[in-house]
Structures are given as structure tokens and as C-alpha cells.
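Note sheet for the following structure.
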Amino acid sequence: MSQDAYFYEPKHGHGLPHDPFKSIIAPRPIGWISSQDQNGVRNLAPYSFFNAFCAAPPIIGFASAGWKDSVRNIEATGEFCWNLSTRSLAAAMNTSCDAVDAAVDEFELAGLTPAASSVISATRVQEAPVSFECRLTQLLRLETADGTAVDTWLVMGEVVGVHIDPALLEEGIYQTAAAEPIMRAGGPTTYYTISDNERFDMARPGAAPGG
């Protein structure tokens with residue numbers, strides 16, 4: 001790295017047109033989260049701070065800046081779904097991001113079809129090629145290094161049901177690129193997808209084939 005590397009301390013601001021943190025940690029998969037309140041009112045919203053955190057049992061999580069409807073619903077019901085956001089669903093995903101009243105059903109707003117889950121009560125996006133049914137495991141308020149509470153909430157859930165479009169399974173192997181998942185990165189409007197043109201294979205040292 002050059003001795004002239006751009007340096008800043010986040011607490012003093014980055015001094016750039018767009019926060020580079022959100023571009024450097026990239027691409028970030030999208031947590032397209034469906035939930036419902038105790039009265040069955042549906043909610044659907046995307047979160048760009050999302051990822052998988054454990055394989056056995058499978059646990060995923062997303063962070064919400066502020067106590068939003070998704071967090072409120074999940075705290076009350078203990079359930080939510082994650083729905084894979086793809087290139088063909090990008091516009092609908094973006095529409096579901098609109099800041100609307102809690103009584104507004106984002107499924108209807110985005111022209112999407114609510115589908116019944118198999119294990120939990122929360123509905124999933126029928127058009128999504130993959131959905132995870134999840135049960136809440138932890139709901140944590142984030143803190144700074146000095147222990148100051150931040151208005152951001154980390155929601156963790158165990159995946160208790162998985163729905164996969166059979167078209168994405170080739171000889172039983174899930175084809176990641178075939179789904180054309182979209183991810184946040186770069187500037188404030190920037191998204192990416194992936195293709196097999198960018199694929200490369202590399203085995204971990206000592207790993208068994210297929211491990």
C-alpha cells in the first residue's frame with residue numbers, strides 16, 4: 001500500500017462524497033425480509049447489512065438502522081422470512097424499500113405474491129427463487145467500542161425451512177450465479193450481480209473434495 005493512502009477516523013467523518021465503508025465491504029447481499037405483526041399485517045423490506053453467520057444450525061442476520069417495522073414485528077412474533085432478491089426482482093425489491101406507513105402491505109405495493117410458509121406463520125415472496133423461514137434467536141442493540149448504545153438493531157434468526165426453485169439445482173448442486181442474486185456496493189445507487197464468467201475454484205488446504 002502506498003504511504004500516501006487516504007486515511008480518516010470515522011468518528012470525525014470521511015470527507016468524501018459517499019461513505020467508502022459501504023463500498024469497501026462489498027458486495028453486500030440483500031436481506032429482503034418479510035414479516036407480519038400479531039394481527040397478520042404483512043411487511044416486506046430490504047436490508048443491505050445482511051449475511052449468514054452459522055452453518056449448523058443455519059443462522060442468518062440483518063441490521064436495521066432504527067427500530068423499524070421489521071424489527072418490531074419480529075420481536076413480537078419471533079418469526080421472519082428471508083427472500084432472495086434477484087436481477088428480475090430488483091425493481092420490486094426497490095419499491096418495497098419505500099418509507100410507508102406500517103399499515104401498508106409492501107407485497108401489494110411492489111406487486112408481489114405472498115406465499116404461505118411451511119413451518120412459520122410469516123409469509124414469503126412467491127416470486128423469489130429462494131426463501132428461508134426463520135425463527136428469532138437473538139435481537140441485539142449494537143454498541144460502540146466505549147459501550148454507547150447505537151440506534152441500530154441486529155436481528156439473528158435460525159433457518160428452520162428452506163424453499164428452492166428446482167431450476168437452480170443441477171445434479172443436486174445449487175447454482176449460485178444462475179439465480180442472478182443482486183448485491184449492494186459502490187455508490188448510493190450501485191448494485192451488482194454475478195455470473196459464471198467471474199467464477200474461479202480454490203480448495204482450502206487439507207479440505208476434502210466437496211468439503
Long-range amide H partners of I59 with built H, under 5 Å = F53, C54, V159
ask   = Which sequence of S64, S121 reflects their accessible areas, 1.4 Å probe, from the largest down?
value = S121, S64
note = Scoring only Lys, Arg, Asp and Glu (+1, +1, -1, -1) among other residues with Cβ under 15 Å from the Cβ of W153 yields -1
task = Can you tell me how much longer the chain between K68 and V100 gets when fully stretched, taken as 0.36 nm per residue apart minus their C-alpha distance, in nm with one decimal?
result = 10.4 nm
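Could you sort I120, I59, I173 by their accessible area in this structure, using a 1.4 Å probe and putting the largest first? Don't jump to the answer; show the numbers that get you there.
Working: I120 15, I59 35, I173 105 Å².
Listed by decreasing accessible area, they come as I173, I59, I120.
Accessible area of region 1-81 with a 1.4 Å probe: how many percent of it is carbon plus sulfur? Spell out each step's value before the answer.
Details: 2640 of 4690 Å².
The value for region 1-81 is 56 percent carbon and sulfur by accessible area.
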task = Heavy atoms only, probe 1.4 angstrom, no DNA, RNA or ligands counted: give me L140, L84 ranked by accessible area, highest first.
result = L140, L84
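Show me the three semi-axes of the equivalent ellipsoid for region 116-211, from the C-alpha gyration tensor (sqrt of 5 times each eigenvalue), largest first, rounded to whole Å.
Values: eigenvalues 167, 100, 64 Å².
One finds semi-axes of 29, 22, 18 Å for region 116-211.
What's the Cα-based Rg to Rh of region 144-188, Rh via Kirkwood? Could you put the intermediate results ahead of the total?
Working: Rg = 17.9 Å, Rh = 15.1 Å.
Result: Rg/Rh = 1.19.
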message = At R0 = 30 Å, how high is the FRET efficiency between Q38 and H14 if r is their beta carbon distance? Nearest 0.05 is fine.
response = 0.15
key: Approximate shape of region 1-116 as ellipsoid semi-axes (Cα gyration tensor, √5λ), whole Å, largest first   = 31, 17, 15
request  = Considering only R124, R28, R199, give the residue with the highest GNM mean-square fluctuation for the chain, with springs between Cα atoms whenever their separation is below 10 Å.
outcome  = R199
query = Rolling a 1.4 angstrom probe over the protein heavy atoms, how many square angstrom per residue are accessible across the chain?
reply = 60
task = With viscosity set to 1.002 mPa s and temperature to 20 °C, compute the Stokes-Einstein D of region 100-168, Rh being the Kirkwood radius across alpha carbon pairs; µm²/s, no decimals.
result = 146
query = What's the long-distance tail for region 1-61, i.e. % of Cα pairs beyond 18 Å?
reply = 62
task = Bin width 5 Å, alpha-carbon pairs only: give the P(r) of region 26-93 as whole percents, running from 0 to the bin holding the largest distance.
result = 4, 16, 26, 25, 18, 9, 2, 0
request  = Would you kindly compute the Cα radius of gyration of the chain and its largest Cα-Cα separation (Dmax), both in Å?
outcome  = 18.5, 58
remark   = R135 neighbourhood, Cβ < 12 Å, K/R = +1, D/E = -1, net charge -3
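Under the Kirkwood approximation for Rh and a Cα-based Rg, what ratio Rg/Rh is obtained for region 70-139? Don't skip to the answer; put the middle values down first.
Details: Rg = 12.2 Å, Rh = 12.8 Å.
Result: Rg/Rh = 0.95.
The values are calculated or read from the model by the stated rules, or taken from the named source; none is laboratory data. As the structure is a computational prediction, the values presented were derived from the model and not from experiment. Note that we place each Cβ from the backbone using ideal geometry, even for glycine, and neighbour counts take in every protein chain shown. Each accessible area value is taken on the protein alone, full model and side chains, heavy atoms only, with ligands, DNA and RNA left out. Shrake-Rupley method; radii C 1.70, N 1.55, O 1.52, S 1.80 Å.
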